[in-house]
Amino acid sequence: MKKIVMCALLIVLLVGCGKQIPEPEAVHAESINNNIAGSELKVRHQLQGNKLFVECIIPGISLNREEMAHNKVKIKLYVNDMMYSEYDTAAFVVKNLKPGKQDIKLEVVNPNNGKIKLYNKFSIIIS
């Protein structure tokens, strides 16, 4: 008797939902503010000998040459608080670093050197 009731209940559930597929609800899309000043500069780095391989990830900014017309930025590299170089690519290699502890600072700036308030600091030790 229990099996018959369970089978009947299962059939009712399966048949009840078979033909009436619910309509999707309307989704309200919000515009995303590309305020890069509130973003975070994420950096991945790897040291091989005296070469430092750096990859920068900046939410809302593309350093792809085709897309740079929209958000033009460059990355300034400081080694031990001294300007070392400027880069306009998201990934780059820093060569000829001196042995010892090096304090690295990456700073994102506008083309006219106006700061965007995005920076990242880390230290490396070259043997």
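The values are calculated or read from the model by the stated rules, or taken from the named source; none is laboratory data. Remember, it's a predicted structure, so these values are computed and weren't measured experimentally. Glycine gets a Cβ as well: all are built from the backbone with ideal geometry, and neighbour counts include every protein chain shown.
Go through the residues of region 94-105 one by one and say whether even a single one is surrounded by 12 or more Cβ atoms within 10 Å (Cβ to Cβ), within 19 Å of the chain's Cα centre (by Cα), under 12 Å from Lys76 (Cβ atoms) and among the hydrophobic types (A, V, I, L, M, F, W, C). No, there is no match, as no residue in region 94-105 is surrounded by 12 or more Cβ atoms within 10 Å (Cβ to Cβ), within 19 Å of the chain's Cα centre (by Cα), under 12 Å from Lys76 (Cβ atoms) and among the hydrophobic types (A, V, I, L, M, F, W, C). Of everything in region 78-93 that is within 21 Å of Ile61 (Cβ to Cβ), surrounded by 14 or more Cβ atoms within 10 Å (Cβ to Cβ) and not hydroxyl-bearing (Ser, Thr, Tyr), the residue that is modelled with the lowest pLDDT is Ala90. Sort out which residues of region 106-127 are β-branched (Val, Ile, Thr), buried (at least 16 other Cβ atoms within 10 Å of the Cβ) and under 15 Å from Phe53 (Cβ atoms), and write them in order of number. The one that is β-branched (Val, Ile, Thr), buried (at least 16 other Cβ atoms within 10 Å of the Cβ) and under 15 Å from Phe53 (Cβ atoms): Ile124.
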